[in-house]
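Data block below; observations after.
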Amino acid sequence: MVEDGLKLYGTKLSPFVLRVEWALEVKGIKYEYVTEDLKNKSPQLLEYNPVYKMVPVLVHHENPVCESIMILEYIEDVWKNHGSSILPSDPYERAEARFWAKFSEEKQCLQGCFEVFSKTGEEQLKAVKELQERLKTLEEYLEGKKFFGGETIGLVDIVAGWIPSWIPIIEEIVGIKIVDEEELPLIYAWMHDILELDLVKKTMPPLDEVKTHMRNIREDVLRKTN
Ligand SMILES: N[C@@H](CCC(=O)N[C@@H](CS)C(=O)NCC(=O)O)C(=O)O
């Protein structure tokens, strides 16, 4: 049964929206999905997220929560005792998980990946090297665990969950290997384990559509920068 007054404003090919879908799956919470056309945003989206005007937005009893990571924290707070926990119960471990989630989100990985994607030639090779170094740093937090969250996925797995599907697509588009099994064995195995999860299979958009979307983004970026 759909949770009373719970709506997710999203769009199919967004890795940020996917985070919220995964968290709600982990908690076993059903919701209404409202598809947004980002080229023609609905008045509701603009009203719910007037600052960034972006998806995802989770609306709970008419209260909008914006920004995917804030939404994950909200889901954990509200449905604490549902499904498995997204954050550890120990305060220090919670702080650690938040640290690595931030690391994977900011310049270190997500933005670093965009650098690889939006540059060419020498600049691109430099961006690849930097991204690989950051992934190596992130890999330390995986040591001795199947997922960043332990036996089940947690905050970092969800926030970094774009890596297993989006990096191989970026590798294919730019023609450069980023995650090598020998150089990043734990990240490589983790990527495989994430893609094997039922909740990931259930929610993942068709990869050929993601690929076409990403190719279009790259062409756009290259056109603007050249
Ligand atoms: N920091 C945001 C990023 C969300 C984001 O970039 N959403 C994109 C879709 S993938 C969007 O709504 N773009 C619309 C726009 O930029 O106008 C989050 O974590 O929620």
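The values are calculated or read from the model by the stated rules, or taken from the named source; none is laboratory data. Quantities reported herein were computed from a predicted structural model and do not represent experimental measurements. So basically every Cβ, Gly included, is an ideal-geometry build from the backbone, and we count neighbours across all protein chains shown. Just the protein is used for accessible areas: all its heavy atoms, side chains included, with ligands, DNA and RNA removed. Shrake-Rupley method; radii C 1.70, N 1.55, O 1.52, S 1.80 Å.
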Filter result for GLU209 (open to solvent by less than 40 Å² (accessible area, probe 1.4 Å) and not in a loop (DSSP other than H, G, I, E, B)): no
Restricting attention to the range 30-50, the residues that are away from the ligand (no atom under 11 Å from the Cβ) and either charged (D, E, K, R) or in contact with a Cys (Cβ under 8 Å, 6 or more places away or on another chain) (or both) number exactly 4
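Kindly evaluate ILE170 against the criterion of being modelled with pLDDT of 95 or more and either open to solvent by less than 10 Å² (accessible area, probe 1.4 Å) or outside any loop (DSSP other than H, G, I, E, B) (or both).
On the way: modelled with pLDDT of 95 or more: no; either open to solvent by less than 10 Å² (accessible area, probe 1.4 Å) or outside any loop (DSSP other than H, G, I, E, B) (or both): yes.
Against the criterion (modelled with pLDDT of 95 or more and either open to solvent by less than 10 Å² (accessible area, probe 1.4 Å) or outside any loop (DSSP other than H, G, I, E, B) (or both)), ILE170 does not qualify.
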Within the range 42-60, considering residues that are more than 23 Å from TRP79 (Cβ to Cβ) and of a type in the set (S, T, N, Q), the one least open to solvent (accessible area, probe 1.4 Å): SER42
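More than 15 Å from the ligand (Cβ to nearest atom), in contact with a helix residue (DSSP H, G or I) (Cβ under 9 Å, 6 or more places away or on another chain) and not aliphatic (A, V, I, L, M): which single residue out of SER84, SER68 fits that description? Show your work before the answer.
Numbers: SER68 fails: more than 15 Å from the ligand (Cβ to nearest atom).
Going through SER84, SER68 in turn, the sole match is SER84.
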In the range 61-86, how many residues are open to solvent by 20 Å² or more (accessible area, probe 1.4 Å) and either within 15 Å of LYS30 (Cα to Cα) or outside any strand (DSSP E or B) (or both)? 15
Among (1) within 14 Å of the ligand (Cβ to nearest atom); (2) surrounded by 14 or more Cβ atoms within 10 Å (Cβ to Cβ), PHE103 falls short only on (1)
Considering only residues that are in contact with a helix residue (DSSP H, G or I) (Cβ under 6 Å, 6 or more places away or on another chain), open to solvent by less than 50 Å² (accessible area, probe 1.4 Å) and over 17 Å from GLU172 (Cβ atoms), look in the range 106-126 and name the one that is modelled with the highest pLDDT. GLY112
